Amino acid sequence: MLAESYLSKAKENLRIAEIAFEEGCYNASVNRAYYAMLQAAIAALLNGGIEPKLGKGIDHGWIQSRFSADKESHKTEVRLGGEHNGAIRDTAIT
């Protein structure tokens, strides 16, 4: 499943962010943490049945538009399930 692939990437990037932080590589840590968050957000949207329109790719603009959409007209609950190494927790986005 595509969502599982993005969640796997998020976990990998989070692990690398933690290693980079422990080694004092703070810029690299922030970079990997950002991509972990981005990929987790994509997984959450896909798990919630929210997908880009046919022919449109998944990019920063699409993700931002889904999370900043009018909350009154786009009430959507999305959950990340399972254990996520204590860093990416079950999350409800409304």
Name the single residue that is surrounded by the most Cβ atoms within 10 Å (Cβ to Cβ) among those in region 8-23 being assigned to a helix (DSSP H, G or I) and either at pLDDT below 95 or not hydrophobic (A, V, I, L, M, F, W, C) (or both). Asn13
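Test Asn47 against the stated conditions and say whether it is among the polar types (S, T, N, Q) and surrounded by 17 or more Cβ atoms within 10 Å (Cβ to Cβ).
yes
The values are calculated or read from the model by the stated rules, or taken from the named source; none is laboratory data. Owing to the predicted nature of the structure, the values given are computational and were not obtained by experimental measurement. We place every Cβ from the backbone using ideal geometry, glycine too, and count neighbours over all the protein chains shown.
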